[in-house]
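Undergrad: Quick one: this structure, given as structure tokens, is what I'll be asking you about.
The values are calculated or read from the model by the stated rules, or taken from the named source; none is laboratory data. Everything quoted here is computed from the prediction, not taken from an experiment. With ideal geometry, Cβ positions are generated from the backbone for all residues, glycine too; neighbour counts draw on all protein chains shown. Note: accessible area is taken over every heavy atom of the protein model, side chains too, but ligands, DNA and RNA are not part of it. Shrake-Rupley method; radii C 1.70, N 1.55, O 1.52, S 1.80 Å.
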Amino acid sequence: MELIGYLFIGIFIVATIGFFGFPKDSKFYKYFKNILIGYDQLLNTFICGYPDETISSRAYKGKLKGHKGWIILSNILDFIDPGHSKRSVEWDEGNK
């Protein structure tokens, strides 16, 4: 069981390095981006979110509803990448 945890963390680290290490038009960048989106959706599922929605999307929807925690997270994401939350929202996933 411990091995699975290390494998899970190792894949995340490799995907993160690959995501930032390849040009955006390369197939490897897209491959690693998809892995990271999968981790994002898995984490959202762990915190009782819709399994096919990312945390960024959920944060933006929560911000629109005025939930303080989601407002803070959305603002942090938008500070790192301006407009990230709004671009990431998936209106067809999760709570509408």
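Undergrad: For the chain, what % of the accessible area comes from carbon and sulfur atoms, probe 1.4 Å?
TA: 69
Undergrad: Give me the accessible area per residue for the chain, probe 1.4 Å, as a whole number in Å².
TA: Computed with neighbouring chains in place, this is 72 Å² per residue.
Undergrad: How long is the gain from W91 to Y39 if the chain were fully straight, where each residue apart is worth 0.36 nm and the alpha carbon distance is subtracted?
TA: Extra length from W91 to Y39 when fully extended: 16.7 nm.
Undergrad: What does the C-alpha gyration tensor say about the overall shape of segment 1-46? Classify as rounded when a/c is under 1.5, otherwise prolate if a/b is larger than b/c, or oblate.
TA: Oblate, because a/c is 1.5 or more while a/b does not exceed b/c.
Undergrad: For the chain, state what percent of all Cα-Cα pairs lands in each successive 5 Å bin, counting from 0 Å until the bin that includes the largest distance.
TA: Result, from short to long distances: 3, 14, 18, 21, 20, 13, 8, 2, 0 percent.
Undergrad: On to the next question. Radius of gyration and Dmax for segment 37-90's Cα atoms, expressed in Å?
TA: 10.2, 27
Undergrad: Would you mind computing, in nm to one decimal, how far apart the modelled labels at E2 and D25 are, each placed 7 Å from Cα along Cα→Cβ?
TA: In this crude label model, E2 to D25 measures out at 4.7 nm.
Undergrad: Next question, about the same structure. Do you know the relative contact order of the chain, to the nearest whole percent, from alpha carbon pairs under 8 angstrom that are 6+ apart?
TA: Worked out over the chain, it gives 20 percent.
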